[in-house]
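Engineer: My structure is below; once you've seen it, I'll send some questions.
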Amino acid sequence: MRNKTLSWRAASSCLVLIGGALLSQSTLAFTDDEARKAILELRQQVKTMNEANQRARIQLSDQIEMLGQEIVRLRGDIEQLGRPASSGGSGARGADPRSQDPREQAAFDQSIESFRKAQYKETIQNLTAFLTLYPDSALAPTAQFYLGSSRYAMKDFKGAITTLQAMVQKFPTEPRAADALLMVASCQIELNNRPGAKATLQRIVKEYKGTPAADTAAKRLPLLQ
């Protein structure tokens, strides 16, 4: 009788152990399935993100290429924008004013001559001195325009923006004001300030309708969308 009891207990123990093992395996199998499912979901998410990033990189690359081409054109505009009307420019702005003071006119002409020779560092020095000596000159707006143009040519884009914006603020109706803002937009593009460049071009289109600068600004705006 005692042996039968022991055998029953041993059998029961074995059943418990086998049941526990089966339950453990079932639990592990469930956990593995969940893990595999989670891994598949993560892989799909990563794939989707990679595809989205790739599309974004392609779009950005296209935009950068277009802006690069536009910068080349903008740099080419410097010579045309900075050329005095009396030296063969388009004539749309009319002839530059002249001073009644021979020394004042000579100082201005010397600065413009250095600009024509692409001696921009010397031009900056000469025009800074000119504007200090003759702040109320009729030639001041033009001098400030060339000063900003020279800073742009020297790749001092922040300095050019400051100079040209000050010129437009002080002389908003000057014939070169729209061209000055066009150059400001050029500087902003160089500095990768696309929102600023867009705002400047929109201002040109709005405030200087009918000017060549406004037409140019309207053509460049789509590149900044």
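The values are calculated or read from the model by the stated rules, or taken from the named source; none is laboratory data. Just so you know, these numbers come straight off a predicted model, no measurement behind them. Neighbour counts run over all protein chains shown; Cβ positions are idealised from the backbone, glycine included. For the accessible areas, the whole protein counts, side chains as well, though only heavy atoms, and no ligand, DNA or RNA atoms are used. Shrake-Rupley method; radii C 1.70, N 1.55, O 1.52, S 1.80 Å.
Engineer: Mind checking whether some residue in the stretch 177-191 is without any contact (Cβ under 8 Å) to a residue 24 or more places away in the chain and open to solvent by less than 40 Å² (accessible area, probe 1.4 Å)? Before the answer, list the steps.
Structural biologist: Step one: list which residues in the stretch 177-191 are without any contact (Cβ under 8 Å) to a residue 24 or more places away in the chain, which gives none.
No, the stretch 177-191 has no match at all.
Engineer: Taking the condition open to solvent by less than 10 Å² (accessible area, probe 1.4 Å) and either touching a strand residue (DSSP E or B) at 6+ places or on another chain (Cβ under 9 Å) or modelled with pLDDT under 95 (or both), does SER87 pass?
Structural biologist: no
Engineer: Tell me whether the stretch 215-225 contains one or more residues that are modelled with pLDDT of 95 or more and of a type in the set (S, T, N, Q).
Structural biologist: no
Engineer: Can you find even one residue in the stretch 198-206 that is buried (at least 20 other Cβ atoms within 10 Å of the Cβ), modelled with pLDDT of 95 or more and not polar (S, T, N, Q)?
Structural biologist: Yes, some residue in the stretch 198-206 is buried (at least 20 other Cβ atoms within 10 Å of the Cβ), modelled with pLDDT of 95 or more and not polar (S, T, N, Q).
Engineer: Assess whether ALA213 counts as being within 30 Å of ARG103 (Cβ to Cβ) and of a type in the set (Gly, Ala, Ser). Can you show your working first?
Structural biologist: Working: within 30 Å of ARG103 (Cβ to Cβ): no; of a type in the set (Gly, Ala, Ser): yes.
No.
Engineer: What's the number of the condition THR211 fails, among (1) within 20 Å of GLY148 (Cβ to Cβ); (2) within 17 Å of the chain's Cα centre (by Cα); (3) open to solvent by 10 Å² or more (accessible area, probe 1.4 Å)?
Structural biologist: That leaves (2) as the condition not met.
Engineer: OK, next. Can you name every residue in the stretch 192-225 that is under 16 Å from PRO175 (Cα atoms) and not in a helix (DSSP H, G or I)?
Structural biologist: Result: TYR208, LYS209, GLY210, THR211.
Engineer: Also: So, of the residues in the stretch 129-165 that are under 30 Å from the mean Cα position of the chain (by Cα) and surrounded by fewer than 16 Cβ atoms within 10 Å (Cβ to Cβ), which turns out to be nearest to ASP109 (Cα to Cα)?
Structural biologist: Within the stretch 129-165, the subset under 30 Å from the mean Cα position of the chain (by Cα) is 141-165.
Next cut, surrounded by fewer than 16 Cβ atoms within 10 Å (Cβ to Cβ) only: 154-155, 158, 162.
On the way: MET154: 20, LYS155: 24, LYS158: 26, THR162: 24 Å.
Looking at residues that are under 30 Å from the mean Cα position of the chain (by Cα) and surrounded by fewer than 16 Cβ atoms within 10 Å (Cβ to Cβ), I get MET154.
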